[in-house]
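Everything on this sheet refers to the single structure shown next.
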Amino acid sequence: MQAPDWDARYAEKAQWSAGPNELVAALLDDLPPGRAVDLAAGEGRHARWLAGLGWDITAVDFSAVGLDRGRVEAGGDAVRWVVADVLDWTPSPADLDLVFVAYLHLPEADTVDLLSRAIGWLRPGGRLLVLGHDLANLAAGVGGPQDPSILHSVDRLAPVAGLLAVDRLEQVSRATPAGTALDTLLLGRRAA
Ligand SMILES: C[S@@+](CC[C@H](N)C(=O)[O-])C[C@H]1O[C@@H](n2cnc3c(N)ncnc32)[C@H](O)[C@@H]1O
């Protein structure tokens, strides 16, 4: 889906405005706040939550309509909102404590290129957290994109994990009203 498709989707109704994903909240809740970017932030549910914890956060997405929804939600005024294609965007200055990417699904080569580049934005010890729909979700889970070429898996994220000191790289389950969904989680730190 391109930016106009996402704009139309966000214009129709709020999508993911509520609080953060439970696993994300559990993984990041205790981290000392610092400088972060949320790539493909959508309505900024994670960016607004992180801002509330004291993070200096930039939310990037190519859907202006999605970001506009987030801007007016509670906590939206504490987030820096940037309309940009994440494939062309670079933070300035870099030296980030956290790069966060939730449910951004691109062709596999673009995903690996983007995440590899994003690791270069981290300070030594800074974290990359990636969460998205797992390839196995097509056969054994519910919801999410149905195009296998854009889904994550442990194998597909392995080249990115190879650039990090890895804390977690695994398939995880997520309870939804429609049933269990399968996601891929990658959490790692940039080596010193
Ligand atoms: C499923 S939503 C996830 C939103 C948010 N991360 C969350 O978890 O609530 C995917 C988002 O990716 C954005 N997106 C997709 N491709 C993008 C690109 N190349 N550059 C910037 N944003 C992109 C869409 O606009 C959309 O907001």
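Here are the numbers for this structure:
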| read-out | value |
| --- | --- |
| Residue list for region 33-53, filter: in contact with a helix residue (DSSP H, G or I) (Cβ under 9 Å, 6 or more places away or on another chain) and under 12 Å from Leu98 (Cβ atoms) | Pro33, Ala36, Val37, Asp38, Leu39, His46, Ala47, Leu50, Leu53 |
| Residue identified as over 22 Å from Asp5 (Cα atoms) and modelled with pLDDT of 95 or more among Val82, Val86, Val160, Val101 | Val160 |
| Matching residues in region 27-42 - criterion: being at positive phi and either open to solvent by less than 20 Å² (accessible area, probe 1.4 Å) or in contact with a Ser or Thr (Cβ under 6 Å, 6 or more places away or on another chain) (or both) | Gly42 |
| Check on Ala51, touching a strand residue (DSSP E or B) at 6+ places or on another chain (Cβ under 7 Å), outside any loop (DSSP other than H, G, I, E, B) and surrounded by 19 or more Cβ atoms within 10 Å (Cβ to Cβ) | yes |
| Given (1) of a type in the set (S, T, N, Q); (2) in contact (Cβ under 8 Å) with a residue 60 or more places away in the chain; (3) open to solvent by 50 Å² or more (accessible area, probe 1.4 Å), number of the condition Thr90 does not satisfy | (2) |
| Selection within region 1-26 - closer than 20 Å to Asp183 by Cα, open to solvent by less than 40 Å² (accessible area, probe 1.4 Å) and either out of contact with any Lys or Arg (no Cβ under 7 Å at 6 or more places or on another chain) or near the ligand (Cβ under 8 Å from one of its atoms) (or both) | Asn21, Val24, Ala25 |
| Test: residue in region 56-78 that is open to solvent by 10 Å² or more (accessible area, probe 1.4 Å), within 9 Å of the ligand (Cβ to nearest atom) and of a type in the set (Lys, Arg) | no |
| Any hit, region 161-180, residues being over 18 Å from Val99 (Cα atoms) and of a type in the set (Lys, Arg) | yes |
| Of all residues making up region 29-48, the number that are in a helix (DSSP H, G or I) and among the hydrophobic types (A, V, I, L, M, F, W, C) | 1 |
| Enumeration of residues in region 93-135 that are touching a Ser or Thr at 6+ places or on another chain (Cβ under 7 Å) and open to solvent by 10 Å² or more (accessible area, probe 1.4 Å) | Pro107, Glu108, Leu135 |
| Residue count for region 170-192, restricted to those that are of a type outside the set (Val, Ile, Thr) and open to solvent by 50 Å² or more (accessible area, probe 1.4 Å) | 11 |
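The values are calculated or read from the model by the stated rules, or taken from the named source; none is laboratory data. Only a predicted model underlies this, so the values are computations on that prediction, with no experimental measurement involved. Cβ coordinates were reconstructed from backbone atoms using ideal geometry, including for glycine residues, and neighbour counts include every protein chain displayed. Accessible surface is based on the protein model in full, side chains and every heavy atom, while ligands, DNA and RNA are left aside. Shrake-Rupley method; radii C 1.70, N 1.55, O 1.52, S 1.80 Å.
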